[in-house]
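Colleague: Structure provided below as structure tokens; questions to follow.
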Amino acid sequence: MKQIFFVVILVMTVHYISFAQTDANNFYKSDKVKIEKVSFLNQYKMKIGGNLFLPEKMETGKKYPAIIVGHPMGAVKEQSANLYAVKMAERGFVTLSIDLLFWGESEGLPRNAVSPDMYSETFSAAVDFLGSRKFVDRERIGVIGICGSGSFAISAAKIDPRLKAIVTISMYDMGAANRNGLKHTVTLEQRRQILAEAAEQRYVEFVGGKTKYTSGTVHELDANSTPIEREFYDFYRTSRGEYTPKGVTPLTTTHPTLTSNVKFMNFYPFNDIETISPRPLLFITGENAHSREFSEDAYKRAAEPKELYVVPGAGHVDLYDRTSLIPFDKLEVFFKENLK
């Protein structure tokens with residue numbers, strides 16, 4: 001694979017651009033793409049649910065580059081991942097959106113459980129599946145990880161060299177976010193309180209008590225709601241991006257279980273990120289994204305070839321579905337250059 005050495009693109013000028021809500025198109029569909037619902041087993045014989053997207057005009061006998069797309073943490077493939085998968089399939093790639101284990105149409109109990117290792121395994125299992133398709137070139141498989149899936153894709157890429165090109169979108173380091181909070185606002189004492197509450201809740205659930213959930217997106221807004229709560233609410237709790245998978249109630253969507261969520265405290269996806277080199281990394285974040293610190297941290301730690309691409313005027317959730325902001329042209333160039 002040809003080595004491409006990227007430069008940092010930092011957009012320093014503040015752009016205040018008003019985008020019409022009509023550019024939010026999470027449930028976008030295309031008549032240029034064929035979609036097939038698929039499922040396959042991971043290494044532990046657990047079923048993973050996904051959607052396979054194929055360019056409309058595929059040549060018989062030709063092998064195509066492929067891209068795996070992972071959804072935001074707490075979401076499912078129908079939220080953001082399908083949009084990216086369809087758009088990239090329109091540009092000639094075979095794409096696969098996946099549900100992380102314990103979410104959506106993938107197996108795993110209890111539902112909404114947190115397991116960083118199994119999340120990463122989901123990406124490797126997706127490589128197994130794609131690399132076994134006769135129309136996919138197994139030497140040209142890339143990945144797009146959105147929000148929390150950015151950190152899971154990096155975790156997978158560190159130990160799975162079959163992922164040849166890695167992109168993160170509005171990435172959250174789910175380990176740092178839970179240990180330290182945004183901008184390191186969580187104290188050690190607060191962390192200990194979280195751990196103690198989760199540990200006590202294990203007793204409750206072990207003897208048959210009700211499952212308790214945590215974090216996720218609020219279901220109502222009030223005068224005290226924070227800008228970040230309002231940002232997520234606008235996507236997950238409105239027609240813009242709301243989606244309730246089969247077997248899950250609207251009250252539990254996006255919310256991981258309390259007892260398992262603390263497993264993120266032991267998740268360090270950026271440790272050894274430099275070992276992914278010489279495979280290329282592209283970190284895409286919004287100029288105004290509250291999560292920007294995570295992409296900047298990953299970029300700083302990663303080895304070349306790497307690029308940090310900052311989208312002017314974009315916030316965190318904007319890059320889930322705002323099609324006028326998402327740099328699809330940038331993604332196309334990156335993958336065509338690095339999945340040759």
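Colleague: Residues being of a type in the set (D, E, K, R), touching a residue at least 60 places away in the same chain (Cβ under 8 Å) and surrounded by 24 or more Cβ atoms within 10 Å (Cβ to Cβ): count how many of those fall in segment 56-98.
Modeller: Qualifying residue count for the region: 0.
Colleague: I've got another one for you. Return the residue satisfying two criteria in turn: it lies in segment 181-224 and is more than 27 Å from the chain's Cα centre (by Cα) and β-branched (Val, Ile, Thr), and of such residues it is surrounded by the most Cβ atoms within 10 Å (Cβ to Cβ).
Modeller: Only one residue tops the list, namely Val204.
Rundown of residues vs (1) closer than 30 Å to Gln43 by Cβ; (2) assigned to a helix (DSSP H, G or I); (3) in contact (Cβ under 8 Å) with a residue 12 or more places away in the chain; (4) not acidic (Asp, Glu), yes/no style:
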residue	(1), (2), (3), (4)
Lys164	yes, no, yes, yes
Met171	yes, no, yes, yes
Gly175	yes, yes, yes, yes
Gly209	no, no, no, yes
Leu221	no, no, yes, yes
Phe232	no, yes, yes, yes
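Colleague: OK, next. If you scan segment 62-107, which residues turn out to be in a strand (DSSP E or B) and of a type in the set (Gly, Ala, Ser)?
Modeller: Ala66, Gly70, Ser97, listed by residue number.
Colleague: Is there a residue in segment 35-54 that is in a loop (DSSP other than H, G, I, E, B), within 24 Å of Val333 (Cα to Cα), more than 14 Å from the chain's Cα centre (by Cα) and not hydroxyl-bearing (Ser, Thr, Tyr)?
Modeller: Taking every residue of segment 35-54 in turn, none turns out to be in a loop (DSSP other than H, G, I, E, B), within 24 Å of Val333 (Cα to Cα), more than 14 Å from the chain's Cα centre (by Cα) and not hydroxyl-bearing (Ser, Thr, Tyr).
Colleague: So, one more: Which condition does Pro227 not pass, out of (1) closer than 20 Å to Thr257 by Cβ; (2) surrounded by fewer than 11 Cβ atoms within 10 Å (Cβ to Cβ), if it passes all the others?
Modeller: Unmet for Pro227, out of (1) closer than 20 Å to Thr257 by Cβ; (2) surrounded by fewer than 11 Cβ atoms within 10 Å (Cβ to Cβ): (1).
Colleague: Shifting gears a bit: Could you list, in sequence order, the residues of segment 316-326 that are out of contact with any Leu (no Cβ under 9 Å at 6 or more places or on another chain) and surrounded by 15 or more Cβ atoms within 10 Å (Cβ to Cβ)?
Modeller: Residues satisfying the conditions are His316, Val317, Arg322.
Quick note: the coordinates plus some simple rules give every number you see, no bench work behind them. Quick caveat, the model's predicted, so the values are computed rather than measured. Please note: Cβ atoms are built from the backbone with ideal geometry, for glycine as well, and neighbour counts cover all protein chains shown.
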